[in-house]
Structure formats: structure tokens, C-alpha cells
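Taking it in order: structure first as C-alpha cells, then the write-up.
The values are calculated or read from the model by the stated rules, or taken from the named source; none is laboratory data. Model, not experiment: these values are computed from the prediction. We place every Cβ from the backbone using ideal geometry, glycine too, and count neighbours over all the protein chains shown. Side chains are part of the model used for accessible areas, which takes the heavy atoms of the whole protein and leaves out ligands, DNA and RNA. Shrake-Rupley method; radii C 1.70, N 1.55, O 1.52, S 1.80 Å.
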Amino acid sequence: MGFYGLAPFFANKLKKAAPGAQEGVLSTMIVGNRIAQYILVVQFITGGYMMTKAGVTHVWMAVVTVLLLAMFAFSGIMGKKMKVALQAAKNNQTDTASISKIVTFSSIVFVLFIGMLVLMQNSSII
């Protein structure tokens with residue numbers, strides 16, 4: 001899950017990198033995103049069970065579940081844009097539109113990740 005904490009910083013570096021460097025960074029980011037998505041699935045299954053036993057409110061459970069599902073959605077969209085940008089980098093071009101969307105979506109996932117961490121540490125907030 002720490003990948004989502006680093007992704008916005010890697011994505012910002014893509015704007016200034018040459019297409020050859022973008023190819024390497026994007027390949028690494030795609031693998032990291034895929035692994036993080038698998039971990040999200042495991043977290044969803046195990047966390048769902050643990051939430052029912054934790055004695056937290058139903059509102060808290062709903063908010064955390066929505067945050068996790070939003071992370072699924074935005075990381076999937078980000079993965080698609082990374083693949084498009086990687087294909088452009090392999091053709092020795094820079095897809096600035098896809099890279100800016102990668103930056104945006106990685107920042108959104110980062111904020112959702114931080115929000116989830118805050119809620120996990122302070123379940124009495126909601």
C-alpha cells in the first residue's frame with residue numbers, strides 16, 4: 001500500500017523525463033500499481049471481516065468501504081493511463097495528457113490513502 005504514498009512523486013518526475021526514462025518509470029509504476037491492487041483486494045476481504053468484529057459504527061464501516069472502493073476505481077483508471085503513456089514512450093513520444101492524468105489520479109489515490117489511514121487510527125472520528 002505504500003506504493004500509493006510514493007506514486008504522486010514518481011508521476012511528477014514523468015513530466016520532465018525523456019521518453020526513454022518515462023518507459024522505465026512507467027513500467028515500474030505499472031507493476032507497483034498491479035501489486036498494490038492485489039493487496040487492496042486482500043485488504044478488502046480481510047478488513048471486511050475484521051470491521052465486523054471491531055465494534056465500530058456502521059457509518060464508519062461505510063465510509064472506509066467507500067474510500068477503499070474509490071481507491072480501487074482511481075488506481076484502475078490510473079493503470080490504464082499508465083499503459084497508454086507507456087505505449088507512447090515506447091514509440092519515443094511523450095503523452096502529456098496521459099501523464100497529467102496519472103499525476104491527478106495518483107494524487108487522488110494518495111489523499112484517499114491518507115484519509116483511510118486517519119480513519120483507521122481514529123475510529124471515533126465518525
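Things worth noting here:
- To put it simply, the accessible area of the chain at a 1.4 Å probe is 68 percent carbon and sulfur.
- Computed E for M51/I30 - FRET, C-beta separation, R0 41 angstrom, nearest 0.05: 0.85
- Point-to-point label distance, M1-K15, nm (Cα→Cβ direction, 7 Å offset): 2.9 nm
- Accessible area of the chain divided out per residue, in Å², using a probe of 1.4 angstrom: 56 Å²
- Euclidean distance between Cα centres, the stretch 88-126 to the stretch 1-37, Å: 11 Å
- Selected from G32, G55, G24 as most flexible by GNM, with the chain as the system and alpha-carbon contacts under 10 Å: G55
- A dipole drawn for the chain from +1 and -1 charges on Cβ atoms has a positive end, and of Q37, V66, S27 the residue lying farthest that way is S27.
- Whether the chain is rounded, prolate or oblate, judged on the alpha carbon gyration tensor where a/c under 1.5 counts as rounded: prolate
- Point-to-point label distance, V41-V63, nm (Cα→Cβ direction, 7 Å offset): 2.9 nm
- Rounded if a/c under 1.5, otherwise prolate or oblate - the stretch 80-119, Cα gyration tensor axes: prolate
- Once C-alpha pairs closer than 8 Å and six or more residues apart are averaged by separation and normalised to the residue number of the chain, the relative contact order reads 40 percent.
- Neighbour cut-off at most 15 other Cβ (10 Å), DSSP loop, trypsin sites (Lys or Arg not before Pro), the stretch 78-108: none
- Overall, the stretch 5-111 carries a charge dipole of about 160 debye about its Cα centre when +1 sits on the Cβ of Lys and Arg and -1 on the Cβ of Asp and Glu, all other atoms neutral.
- Karplus-based coupling profile of the stretch 104-120, in residue order and whole Hz: 4, 5, 5, 5, 5, 5, 4, 5, 4, 4, 5, x, 5, 4, 4, 5, 5, with θ = phi - 60° in 6.51 cos²θ - 1.76 cosθ + 1.60 and x standing for Gly or Pro.
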